[in-house]
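Single-structure report; data block below.
The values are calculated or read from the model by the stated rules, or taken from the named source; none is laboratory data. Treat the numbers as computed from the prediction; the structure is a model and nothing was measured. All Cβ positions, glycine included, derive from the backbone under ideal geometry; neighbour counts span all protein chains shown.
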Amino acid sequence: MNLNLDGTGTIMTVTGPISTAEMGLTLPHEHIMSNFGAEPAWKAEYPVAELLGTVLPYLEKLSKLGYRTILDCTTAYFGRSPALLRSAPGRSGRVDS
């Protein structure tokens, strides 16, 4: 995140940088997907179709409720997958993907 003293700046998203003004209503600490409880692994393996079938309806509902940004805090070894997150914005109602 690059934040200036006047409150303006940019934040890096999985689809590229956006201005902080574009963030809108934000959920600040979420875990869209996680393999918590499983053995830590460098690369998460998910059944993608099943995962998206479960997650996308929630993301679509959040979008309809006015949320524009979700800060995913899933750590490495517990299922973080920026590539998989990158595939979701266009299908979840986000307009700035």
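Things worth noting here:
- Close contacts from region 55-76, counting a first residue that is under 26 Å from E39 (Cα atoms) and a second that is part of a strand (DSSP E or B) and not basic (K, R), with Cβ to Cβ under 6 Å and a gap of 6+ residues or different chains, come to I70/L27; I70/E30; L71/P28; D72/E30; C73/H29.
- Of all residues in region 40-57, at least one satisfies being small (G, A, S), surrounded by 11 or more Cβ atoms within 10 Å (Cβ to Cβ) and not in a helix (DSSP H, G or I).
- Checked against (1) at pLDDT 90 or above; (2) part of a helix (DSSP H, G or I), I70 meets all criteria but (2).
- Positions within region 22-37 being assigned to a loop (DSSP other than H, G, I, E, B) and in contact (Cβ under 8 Å) with a residue 24 or more places away in the chain, in sequence order: M23, G24, H31, I32, M33, S34, N35, F36
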